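Okay, structure first, notes after.
The values are calculated or read from the model by the stated rules, or taken from the named source; none is laboratory data. All figures in this text were calculated on a predicted structure; none of them were measured in a lab. Cβ sites come from the backbone with ideal geometry, for glycine too, and all protein chains shown count toward neighbours. Surface accessibility is based on the protein's heavy atoms, side chains included, excluding ligands, DNA and RNA. Shrake-Rupley method; radii C 1.70, N 1.55, O 1.52, S 1.80 Å.
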Amino acid sequence: MASWRDNIRQVEPYVPGEQPKNTNVIKLNTNENPYGPSPRVKAVQDNEDLLRLYPDPTAGALVDALAEYHGVDASQVFVGVGSDDVLAMLFLTFFNSDKPILFPDITYSFYDVWAELFRIPYKQMPLDENFRLKIDDYKGENGGIVFPNPNAPTGIYESLDHVEEIIKNNPDVIVIVDEAYIDFGGETALPLIDKYDNLVVVRTFSKSRSMAGLRIGYAISNPELIKALNDVKYSYNSYTMNRPSLVLGVESIHDDAYFREKVGQIIATRERFVKEIAELGFTCLPSTANFVFATHESIPAKEIFAAAKENNIYVRYFDKPRIDNYLRISIGTDAEMDVFVSFLSKYVKEYK
């Protein structure tokens, strides 16, 4: 006999990085920025109108600020509640073919969750032995393409030439380039928007702008695709962006000097950290993100992960094929990374 249980949509949910209840930890597991947001953000965050008033459903001030910052028209900008919300809207709006969408087999693990949730057919294309995209795999018939650049969790960046080759070989479908980490290295695909009408570039304030708690993401594309996105958004929930996010997001955009200073600081710490743990037997994939993907020559990653956690240092471990001997390590402050290196040095020595 049929039951209401037969009509429940079954999906395996995305599993985010652990958020420890204990605050006395070094948290290097969710790629948060270790530095606070711009002082301009702090200066206006106590304004009571941020909570009392409804937000502008068009997010006009933030859209205008982003458009000016990136040198595009406001009609080319879409904002959402973090890049996850933006990406979900993109999946829902543009991936409606019977043909499978394509994305890497080792990548952001929300892609297959959205595909399952929205009942979108998909294929996961294997990365090569160096964890890079195989460009020819993305030249066949498909219903759309999405990939991060730099990739996550590997941190590997694909050149703009490779990105463009994928876009130009798929003129009849939408190609989404997820640039959550592009500020930490590499060349953005934004200049290609005027050249290809099937490209959407997605960004976030969560990493380089130190605003993960406010949930601000955005997409830049041509006006036709942005209008389609907004039509879906307004058919779902017009008040998706809260007022504090809109106001404080504008303040962050207007402090470019602070933004670039902190990004540069994280990059410098990343490069120093990679060299230091190499002396302890670790190898890192080449990263242009605010994290590194590291493996040790003789100690299983799962054991390092567990030992670090016992010492109140949280990193990310993925128990998945091909990457189950790697740790994804977010870049914290210099002091935090020094503590982690000290722990690793002692652990590696005692393990032997």
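Here is a list: Asn33, Asn22. Which entry is modelled with pLDDT of 85 or more and in a loop (DSSP other than H, G, I, E, B)?
Asn33
I'd like the residue in the range 72-120 that is farther than 23 Å from Pro16 by Cβ and of a type in the set (Gly, Ala, Ser) and, out of all such residues, is modelled with the lowest pLDDT.
Step by step, filter the range 72-120, then rank; the result is Ser97.
Give the range 271-281 a look and list any residue that's of a type outside the set (Gly, Ala, Ser) and free of Cβ contacts under 8 Å to residues at least 60 places away in the same chain, or say none.
Within the range 271-281, Glu271, Val274, Lys275, Glu279 meet the criteria.
Which ones in the range 262-283 are over 18 Å from Asn33 (Cβ atoms) and either open to solvent by 30 Å² or more (accessible area, probe 1.4 Å) or not β-branched (Val, Ile, Thr) (or both)?
The answer is Val274, Lys275, Glu276, Ala278, Glu279, Leu280, Gly281, Phe282, Thr283.
Among residues belonging to the range 97-129 that are touching a residue at least 24 places away in the same chain (Cβ under 8 Å), polar (S, T, N, Q) and surrounded by fewer than 20 Cβ atoms within 10 Å (Cβ to Cβ), point out the one that is nearest to Val163 (Cα to Cα).
Going through the qualifying residues, I end up with Ser109.
Given the criteria in contact with a strand residue (DSSP E or B) (Cβ under 7 Å, 6 or more places away or on another chain) and without any contact (Cβ under 8 Å) to a residue 24 or more places away in the chain, does Ala67 qualify?
Answer is yes for this residue.
Say whether the condition of being within 21 Å of the chain's Cα centre (by Cα) and farther than 28 Å from Leu53 by Cα is met by at least one residue in the range 217-224.
Scanning the range 217-224 turns up at least one residue that is within 21 Å of the chain's Cα centre (by Cα) and farther than 28 Å from Leu53 by Cα.
How many of the residues making up the range 171-195 are open to solvent by 30 Å² or more (accessible area, probe 1.4 Å) and touching a Pro at 6+ places or on another chain (Cβ under 9 Å)?
The total comes to 1.
Among the listed residues Asn47, Asn29, which satisfies the condition of being touching a residue at least 12 places away in the same chain (Cβ under 8 Å), surrounded by 12 or more Cβ atoms within 10 Å (Cβ to Cβ) and more than 23 Å from Glu179 (Cβ to Cβ)?
Within the list Asn47, Asn29, the selection yields Asn47.
I'm told Ser109 meets every condition in (1) under 25 Å from Arg132 (Cα atoms); (2) assigned to a helix (DSSP H, G or I) except one. Can you identify the failing condition by its number?
Ser109 satisfies every listed condition except (2).
Would you mind telling me which numbered condition in (1) open to solvent by 80 Å² or more (accessible area, probe 1.4 Å); (2) farther than 30 Å from Glu310 by Cβ Lys21 fails?
Here Lys21 clears every test but (2).
Checking Glu336 against (1) in contact with a strand residue (DSSP E or B) (Cβ under 7 Å, 6 or more places away or on another chain); (2) on the phi > 0 side of the Ramachandran plot, which single condition isn't satisfied?
(2)
Being touching a strand residue (DSSP E or B) at 6+ places or on another chain (Cβ under 8 Å), at pLDDT 95 or above and closer than 20 Å to Lys99 by Cβ is the requirement here; does Ile174 meet it?
The answer is yes for Ile174.
Checking the conditions here, which among Tyr157, Tyr138 is touching a residue at least 24 places away in the same chain (Cβ under 8 Å) and surrounded by 23 or more Cβ atoms within 10 Å (Cβ to Cβ)?
Of the residues listed, the single one that is touching a residue at least 24 places away in the same chain (Cβ under 8 Å) and surrounded by 23 or more Cβ atoms within 10 Å (Cβ to Cβ) is Tyr157.
Got a sec? Which of Ala2, Ala74, Ala61 is exposed (fewer than 13 other Cβ atoms within 10 Å of the Cβ) and of a type in the set (Gly, Ala, Ser)?
The conditions single out Ala2.
Can you work out which of the residues in the range 174-229 that are in a loop (DSSP other than H, G, I, E, B) and among the β-branched types (Val, Ile, Thr) is nearest to Pro150 (Cα to Cα)?
The qualifying residue nearest to Pro150 (Cα to Cα) is Thr188.
Suppose we filter the range 284-340 for residues that are assigned to a loop (DSSP other than H, G, I, E, B) and either open to solvent by 40 Å² or more (accessible area, probe 1.4 Å) or under 22 Å from Lys207 (Cβ atoms) (or both); how many remain?
So the count comes out to 24.
When the range 177-203 is examined, which residues are found to be within 27 Å of Lys99 (Cβ to Cβ), acidic (Asp, Glu) and under 15 Å from the mean Cα position of the chain (by Cα)?
Asp178, Glu179
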